[in-house]
Amino acid sequence: MASKRKKVRPVEEDECRASSFPDEVLERVLVFVKSHKDRSSVSLVCKDWYTAERWSRTHVFIGNCYSVSPEILIRRFPNIRSVTLKGKPRFSDFNLVPPNWGADIHSWLVVFASSYPFLEELRLKRMTITDKSLDYLARSFGNFRALSLVSCDGFSTDGIGSIATHCRNLAELDIQENGIEDLGGRWLSCFPESFTSLEILNFSNLSSDVNFHALEMLVARCKSLKVLKVNKNVTLEQLQGLLVKAPQLTELGTGSFSQELTLRQYADLENAFSNCKNLHTLSGLWEVTLHYLPALYPACANLTFLNLGYAVLQSSELAKLLSSCPNLRRLWVLDTVEDKGLEAVASSCPLLEELRVFPFDPYGQEAALGGGTGVTESGFVAVSRGCPNLRYVLYFCRQMTNVAVETVVHNCPHFTHFRLCIMNPWQPDHLTNEPMDEAFGVVVKTCTKLVRLSISGLLTDLTFEYIGKYAKNLETLSVAFAGSSDRGMQFVLEGCSKLRKLEIRDSPFGNAALLSGLERYESMRSLWMSACHVTMNGCRLLAREMPRLNVEVIKEDEDDDTQAEKVYIYRSVVGRRRDAPPFVLTL
């Protein structure tokens, strides 16, 4: 069912009943509608469809845990089996949100335990979850199957041990990029000896040594295991043993790739990779050295996703690896590969759809290891020439030109996500010294399907004028160190009718810009502004004019009642939150 719908006149209840399917049939049909946007559209057709959608929905996505309450959720959807819930603003990833801000999951779990005892999946991002909450979760849901924690905090490996001990039907345990207290690898011993149901296990961001015997026995028992991502303390020899026991893996995250191996050990490792016929995703490769990379080559032919975000590779090492990966669709690398490495991407990966280039040293004077130059516009252009199917790019660099971006977009006009991060604030076109306005202008003019845009460099209000005029499908815009006046933000709010998330930091937008969005904010998920020119009086005025919005100001300096240093605005059907810490002022 398409998510875009023409406006139609309201359907009378009798008319709907006369033309609709029986409730039981309609509910069975709606099971096949997976998109939450499409299901929301279905619920607006008429009362019968609303009711059928209500009873047939089993998964719910909540982009902001303070936009709705768990009590409202259970009244609206009585049969939920899977919940995806996001908490803190995205800029918490950059340490812009103070500790103890909120987003604690426990109150949700208490309500779920009484109303959703059949809950099977919980996927959290930027939430706080304590060991107590994890233990409560493990004991409250008898058929719990999947736990995914991404960028969460507040817990330790003891809490993960509770999940392993009590969730006898667990199929997925995925722990990514969390602020976790690692108390050692004994949590792996908590899985019962009879436990065999695991299909996904990811503990790649844990720091301590694991209980390898327990891990090996667990992998051997779980014959349906498809995804295994271990931490960097798992050696190559240990990895080889795991691969022998789980040749059916489709996704693998390795440990350290630099152990000294004998010729026999190396041959065994290469043979183990050769037997992994179904592998399509590879990550990890910490401390990788060129000497051992060839062991991977037998498993690379079917790879569609190669995540080298932790692998410090030089261009020659990357080139040799990519020559064995002709089917890659997604590639993540560090900028240590430099432009020559990206040229290898262009020549070896013609099917590539997503490229992410991360900085090895984002706060240093140089982006690459060993005094290299990192990546520049040259590498960006090279990739665009060799990879015409590119749809998603995240590109960290220290210099760029308008002409280069224009060339990239001309070569790859179908971008849906374009995130160019020039790490030096207010950096102009390094050849002409002109602003980067025309670069982003050509992006929004050419890429008509663009839904996410991150802008950086020396930018005037002209960039925002282009965005407001041409980026009609844009849903998320991230801005840093950009703009000339309030008019820039006004252009965006006036022109981007589908905008859902607007994130702004260190930009010259003030009260006039903030208040220009009065007619837009209720249709958006959230607005974040930090280090701008917004005042407390401007925020108070917005709160008075829009009482259904939560206007929160993070006050790190309690004596300053003039400037609003950090402002977070979001729509909510439950009013102000009750767990705000003292430094969060809700207006």
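The values are calculated or read from the model by the stated rules, or taken from the named source; none is laboratory data. Small disclaimer: the values here were computed from a predicted structure and weren't measured. Quick reminder, even Gly has a Cβ in these numbers, built from the backbone with ideal geometry, and neighbours come from all protein chains shown. To get the accessible areas, we keep the full protein, side chains included, count just its heavy atoms, and leave off ligands, DNA and RNA. Shrake-Rupley method; radii C 1.70, N 1.55, O 1.52, S 1.80 Å.
Here are the numbers:
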| quantity | calculated |
| --- | --- |
| Close pairs (7 angstrom Cβ cut-off, 6 or more residues apart or separate chains): within 18 Å of Phe77 (Cα to Cα) in segment 99-116, hydroxyl-bearing (Ser, Thr, Tyr) and open to solvent by 60 Å² or more (accessible area, probe 1.4 Å) anywhere | Leu109/Tyr136 |
| Residues located in segment 121-143, provided they are part of a helix (DSSP H, G or I) and among the basic types (Lys, Arg) | Lys132, Arg139 |
| Residue in segment 117-125 that is under 30 Å from Glu556 (Cα atoms) and of a type in the set (Phe, Trp, Tyr) present | no |
| Residues that are assigned to a loop (DSSP other than H, G, I, E, B) and in contact with a Cys (Cβ under 6 Å, 6 or more places away or on another chain), drawn from segment 290-309 | Cys300, Leu303 |
| In segment 59-88, the residues that are among the polar types (S, T, N, Q) and in contact with an Asp or Glu (Cβ under 9 Å, 6 or more places away or on another chain) | Ser82, Thr84 |
| Residues that are at pLDDT below 95 and either over 25 Å from Asp153 (Cβ atoms) or among the β-branched types (Val, Ile, Thr) (or both), drawn from segment 176-192 | Ile180 |
| Selection from segment 78-97 of residues that are buried (at least 20 other Cβ atoms within 10 Å of the Cβ) and assigned to a strand (DSSP E or B) | Val83, Leu85, Lys86 |
| Which listed residue is of a type in the set (D, E, K, R) and in contact with a helix residue (DSSP H, G or I) (Cβ under 8 Å, 6 or more places away or on another chain), from Glu172, Glu199, Glu181 | Glu181 |
| Answer from Phe509, Phe491 - the residue that is modelled with pLDDT of 95 or more and open to solvent by 10 Å² or more (accessible area, probe 1.4 Å) | Phe491 |
| Matching residues, segment 122-150, being under 20 Å from the mean Cα position of the chain (by Cα) and without any contact (Cβ under 8 Å) to a residue 60 or more places away in the chain | Leu122, Arg123, Leu124, Lys125, Arg126, Thr128, Ile129, Leu147, Ser148, Leu149, Val150 |
| Subset of segment 421-479 (residues that are of a type in the set (S, T, N, Q) and open to solvent by 20 Å² or more (accessible area, probe 1.4 Å)) | Asn424, Gln427, Thr432, Asn433, Thr446, Thr448, Thr460, Asn473, Thr476 |
| Residue count for segment 531-587, restricted to those that are of a type in the set (Asp, Glu), within 27 Å of the chain's Cα centre (by Cα), closer than 20 Å to Asn511 by Cβ and open to solvent by 20 Å² or more (accessible area, probe 1.4 Å) | 1 |
| Filter result (touching a Gly at 6+ places or on another chain (Cβ under 8 Å), open to solvent by less than 30 Å² (accessible area, probe 1.4 Å) and more than 22 Å from Gly184 (Cα to Cα)) within segment 125-169 | Arg126, Met127 |
| Residue in segment 330-337 that is in a loop (DSSP other than H, G, I, E, B) and at negative phi present | no |
| Flag if Phe418 is open to solvent by less than 10 Å² (accessible area, probe 1.4 Å) and of a type in the set (Phe, Trp, Tyr) | yes |
| Identity of the residue in segment 390-428, within 20 Å of Asp506 (Cα to Cα) and in a loop (DSSP other than H, G, I, E, B), that ends up nearest to the chain's Cα centre (by Cα) | Met423 |
| Scan of segment 154-168 for residues that are under 22 Å from Ala113 (Cα atoms), of a type outside the set (Gly, Ala, Ser) and either touching a residue at least 40 places away in the same chain (Cβ under 8 Å) or in a helix (DSSP H, G or I) (or both), ordered by number | Asp158, Ile160, Ile163, Thr165, His166 |
| Scope segment 184-209; condition under 13 Å from Ala164 (Cβ atoms) and either open to solvent by less than 50 Å² (accessible area, probe 1.4 Å) or touching a residue at least 60 places away in the same chain (Cβ under 8 Å) (or both); matching residues | Gly185, Trp187, Leu188, Cys190, Phe191, Pro192, Phe195, Ser197, Leu198, Leu201, Phe203 |
| Candidate set from segment 259-295 (those that are in contact with a Lys or Arg (Cβ under 7 Å, 6 or more places away or on another chain) and of a type in the set (A, V, I, L, M, F, W, C)); member that is least open to solvent (accessible area, probe 1.4 Å) | Leu293 |
| Of all residues in segment 55-66 being open to solvent by less than 30 Å² (accessible area, probe 1.4 Å) and outside any helix (DSSP H, G or I), the one that is farthest from Leu149 (Cα to Cα) | Arg57 |
| Residue match in segment 68-76 (condition: in contact (Cβ under 8 Å) with a residue 24 or more places away in the chain and assigned to a strand (DSSP E or B)) | no |
